[in-house]
Amino acid sequence: MRRPRHPNKEIEAAVRYLEAQGWRYRAAGGSAHCWGRLFCPHHDRSGCRISVWSTPKSPENHSAAIRRAVQRCEH
């Protein structure tokens, strides 16, 4: 199943960057304010994860934080 596109182009580009690095997407729950979660390639409870918000206050800052997750990931 394909994941939905994020409505913001900067955040969509950041999500695609993480997917290219091996991260995987999981949809948020039905009543959640976040658009989804991204999980690092380490398939364990200790793996890194980041929430992707649907309507952040500053999309540019949020997309930069998503990209920084790759550098912070220990796996």
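The values are calculated or read from the model by the stated rules, or taken from the named source; none is laboratory data. Remember, predicted model here, so these are calculated numbers, not experimental data. All Cβ positions, glycine included, derive from the backbone under ideal geometry; neighbour counts span all protein chains shown. When the accessible area is computed, the model is the full protein with side chains, heavy atoms only, and any ligands, DNA or RNA have been set aside. Shrake-Rupley method; radii C 1.70, N 1.55, O 1.52, S 1.80 Å.
At-a-glance table
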| quantity | calculated |
| --- | --- |
| Flag if His75 is touching a Pro at 6+ places or on another chain (Cβ under 8 Å) and either assigned to a loop (DSSP other than H, G, I, E, B) or of a type in the set (Lys, Arg) (or both) | yes |
| Residue match in the range 4-11 (condition: at pLDDT 90 or above, in a helix (DSSP H, G or I), surrounded by 12 or more Cβ atoms within 10 Å (Cβ to Cβ) and touching a helix residue (DSSP H, G or I) at 6+ places or on another chain (Cβ under 7 Å)) | yes |
| Hits in the range 26-36 - residues which are at pLDDT 90 or above and either buried (at least 17 other Cβ atoms within 10 Å of the Cβ) or in a loop (DSSP other than H, G, I, E, B) (or both) | Trp35, Gly36 |
| Top-ranked residue of the range 43-57 - restricted to ones that are in contact with a Cys (Cβ under 9 Å, 6 or more places away or on another chain) and open to solvent by 40 Å² or more (accessible area, probe 1.4 Å), ranked as farthest from His33 (Cα to Cα) | Arg49 |
| Selection within the range 58-75 - closer than 16 Å to Glu12 by Cβ, among the hydrophobic types (A, V, I, L, M, F, W, C) and open to solvent by less than 30 Å² (accessible area, probe 1.4 Å) | Ala65, Ile66, Ala69 |
| Set Trp23, Trp53: member being modelled with pLDDT of 90 or more, among the aromatic types (Phe, Trp, Tyr) and touching a helix residue (DSSP H, G or I) at 6+ places or on another chain (Cβ under 7 Å) | Trp53 |
